[in-house]
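Below is one structure, written out as structure tokens, with a few remarks after it.
The values are calculated or read from the model by the stated rules, or taken from the named source; none is laboratory data. As the structure is a prediction and not an experimental result, all values here were calculated from the model. Here the Cβ positions follow ideal geometry from the backbone for every residue, glycine too, while neighbour counts run over all protein chains shown. Just the protein is used for accessible areas: all its heavy atoms, side chains included, with ligands, DNA and RNA removed. Shrake-Rupley method; radii C 1.70, N 1.55, O 1.52, S 1.80 Å.
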Amino acid sequence: MENQRKIIGVGESILDILFRDGQPVAAVPGGSSFNSIISVGRAGVPCTFVGYSGADIVGQNTVKFLNANGVGTEHFQLRKGEKSAVSLAFIGENKDASYLFYKEPPHVSADFTLPQMSRGDVMLFGSYYAACNGMRPLISEMLERAAKQNAIIYYDLNFRSNHSNELEELRPVILQNFRQSTIVRGSADDFEVLFSSRDARVIYNMYISQYCPFFICTAGAKAVFVCTPGGIHEFQAPPVEDVVSTVGAGDSFNAGFACALIWENIMPEDLPNLSRDDWQRLVATACDFAGQTCRSTENYIKHYEKHPDNPHHLNSRT
């Protein structure tokens, strides 16, 4: 269909090897935005991914994996002479993970190509990849294109303590990402590192609202806060049973939210007028995506119905 809205992910590609009780149990392609775009593809929403990997067997398998899951790879590079990135994820007793990374610093190559964007498309980006100097030329150009075409720019901070030693250097770029985004999302853990606070209301009023009007803060299995100029909404996160791993849950939350924006036919100009019920439907889909991922060793959803029978899966709380 002409002018069909799509979701564009940009980020790193990494092979995640998952360990439980000291033994490897799975090896899956990963990366924050990568995980999101796989869930988007499995949900049947048109999408493409901008990134790169080494031109080795890991990179070749990554391209096959993207294509098999409905993700366009026209702007995904396989770089000769570079090794694909690998991470070791050690699953703990509470099903979260600690990581060891084996990769080179992200960097742009001269022959990158970027996708065309249209009004109402959704650009997903975030993590260290979106703030580091090596990728800044690419991220800046994509942000400019997205703004020019009136796309929705969804920024997941995803800033972990392992990069806290670079925080002062990266803070100006992170704030610039806030300024250029339509929606900023982060976890309470992210903001504890960045602003020494876990309080969504404080974070929005003191650090976010001056740059970006729409802010989502997730607090694990506890709550989701949606902060807007018209008010702050708190939603109880639905319980998830039979959790296998929380790796990729936040990334799938982002994917579900982006898909819901398209399924609900919400354009950038509609965001200021959304009601509490509207935000609840978006968050409910995002939480459904995250819950599915928690019940799998993969970093993404299995599949998703376009219009779930009961979209109000959250218990709202004033």
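Some values worked out for this structure:
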{"item": "Antiparallel bridges, percent of DSSP beta bridges restricted to the chain (to nearest 5)", "result": "45"}
{"item": "Stretch in the chain that is longest and holds no chymotrypsin sites (Phe, Trp or Tyr not before Pro) that DSSP places in a loop and that have at most 16 other beta carbons within 10 Å", "result": "1-111"}
{"item": "Charge sum, other residues only, whose C-beta stays under 13 Å from residue 161's C-beta, Lys/Arg counted +1 and Asp/Glu -1", "result": "-3"}
{"item": "Given 103/148; 222/302; 148/222; 80/302; 64/103, the pairs whose alpha carbons are separated by over 26 Å", "result": "103/148; 148/222; 80/302"}
{"item": "Set of aspartates and glutamates near residue 6 by C-alpha distance (under 14 Å), chain-local residues within fewer than 8 positions excluded", "result": "121, 264"}
{"item": "Reference-scaled alpha-carbon Rg (2.2 N^0.38 Å with N residues) for region 3-113", "result": "1.11"}
{"item": "Debye-sum result for the chain in log10 I(q)/I(0), which assumes one identical scatterer on each alpha carbon, at q = 0.07, 0.10, 0.15, 0.16 Å⁻¹", "result": "-0.24, -0.51, -1.27, -1.50"}
{"item": "Solvent-accessible heavy-atom area per residue, rounded to whole Å², over the chain at 1.4 Å", "result": "44"}
{"item": "For region 8-67 and region 91-136, distance of Cα centres in Å", "result": "11"}
{"item": "Within a Gaussian network of the chain (alpha carbon springs, distance under 10 Å), most fluctuating of 21, 156, 288", "result": "21"}
{"item": "Rounded accessible area of residue 66 (nearest 10 Å², 1.4 Å probe)", "result": "0"}
{"item": "Relative contact order, percent, the chain [alpha-carbon distance under 8 Å, six or more residues apart]", "result": "17"}
{"item": "Residue 79 long-range amide H proximity, modeled H, under 5 Å", "result": "53, 54, 55"}
{"item": "Carbon + sulfur, % of accessible area of the chain - ligands and nucleic acids excluded, 1.4 Å", "result": "49"}
{"item": "Estimated dipole of the chain in Debye, rounded to 20 [Cβ of Lys and Arg +1, of Asp and Glu -1, Cα centre]", "result": "260"}
{"item": "Kirkwood Rh and Cα Rg combined as Rg/Rh, region 103-178", "result": "0.98"}
{"item": "Listed residues 57, 17, 7 arranged by accessible area, highest first, probe 1.4 Å", "result": "57, 17, 7"}
